[in-house]
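Quick note: the coordinates plus some simple rules give every number you see, no bench work behind them. Not measured: the values here are computed from a predicted model. Note that we place each Cβ from the backbone using ideal geometry, even for glycine, and neighbour counts take in every protein chain shown.
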């Protein structure tokens, strides 16, 4: 088995997780910027974090022969403070030339507020001006449906944005069609207590089709599973899906989306 | 997969989760004090499982979702609680 892990917060994981992912067939890992579990007190904290994502973490992954890529932004949980958010936005262009940066992400909404929406629109503008791919985080639980609709409206309102260059992550049964029908890519996140289980992910793929969908574990500092993608591959094989189809879903699809960035190159 | 194969693969897991849900309701009901909106949200979702229609998972998720359209003026906090209270929780 081979797969690409397109969304994992490896700064929160141990080196043993890198080894386990590599042993399970991981060929590349991509790490979007996210919330640290606490609010940073200044833009300097983000500067250090972006250095970690673009310098230190690729070296840690390389010890296991694993290419590491990153996405940059201020996450929506910290976007409520618009002053801080704009300071962080101003930092991002200087990092976009770093060799492992794939685009802007994971941007989006958390509690669906006006401030979060304004900063989302400024991230979308930044991505358009610098011709970057976009990775979108959709809100959790009861906020997901409304947030997904607001995010879709914001993306569609910017005529420079090409839906095929945007992945909208953490879709569930009530949002997957909204995303795919609008021409965007959809990410199904495998998470133990929220988002999707391997069985539900397989259900969604069987009903929505495998085109323009990727699976990811989004493993972080919370209760999460770094091997959730290969576990879902096993679930699909158990259901009778052929090895070629599963390979196309967990390797071919992320490869197709991510290769739109000239920086995404794996052996 | 045939229906029989689905049952063979997933019945025990579904049985386990059904009993866990029943035990959760028992636990809530024998505890003291008032329940908040989350218990009512679960009770409202339960009949959806009896529907003959497809897309029960989607229906349950929709029943637990914020149905409003306008962005909030300010975040009431960072977390989500899993059900819509009718006002920020």
Note to self: If I model a spin label at residue B:53 and residue A:158 as a point 7 Å from the Cα along the Cα→Cβ vector, what separation in nanometres do I get?
What the structure shows: 3.6
Notebook entry, point to check: Taking only C-alpha pairs under 8 Å that are 6+ residues apart, what is the relative contact order of chain A in percent?
Noted result: 20
Next item on the list: Could you compute the FRET efficiency for residue B:2 and residue A:44, with r as their C-beta to C-beta distance and R0 at 51 Å, rounded to 0.05?
Entry: 0.30
Next item on the list: Take A:14, A:113 and order them by how many other Cβ atoms sit within 10 Å, fewest up front.
Entry: A:14, A:113
Check: Label point 7 Å out from residue B:39 along Cα-to-Cβ: which residues of segment B:52-89 have amide N under 17 Å?
Finding: B:83-85
Margin query: What does the extension gain come out to for residue A:247 and residue A:206, with contour length at 0.36 nm per residue minus their alpha carbon separation?
Written below: 13.3 nm
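Given contacts defined as C-alpha pairs under 8 Å and at least six residues apart, what's the relative contact order of chain B, whole-number percent?
Reported as a whole number, the value is 27 percent.
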Checklist line | Alpha carbon Rg of segment B:3-55, scaled by the compact-globule rule 2.2 N^0.38 Å | finding: 1.44
Check: At 222 nm, what helix-only mean residue ellipticity would chain A give, in deg cm²/dmol to the nearest 500, using -39500 (n - 2.57) for each DSSP H run of four or more?
Finding: -11000 deg cm²/dmol
Next item on the list: Give me the distance in nm between label points sitting 7 Å out from Cα along the Cα-to-Cβ direction at residue B:10 and residue A:223, one decimal.
Entry: 2.2
Margin query: I need the calculated FRET efficiency for the pair residue A:131 and residue A:194, taking r as the beta carbon distance and R₀ as 35 Å, to the nearest 0.05.
Written below: 0.60
Next item on the list: Extending each Cα 7 Å along its Cβ direction at residue A:182 and residue B:31, get the distance between those two points in nm, one decimal.
Entry: 3.7
Item checked: segment A:194-267: translational diffusion in µm²/s, Stokes-Einstein, Kirkwood Rh over Cα pairs, 37 °C, 0.692 mPa s -> 249
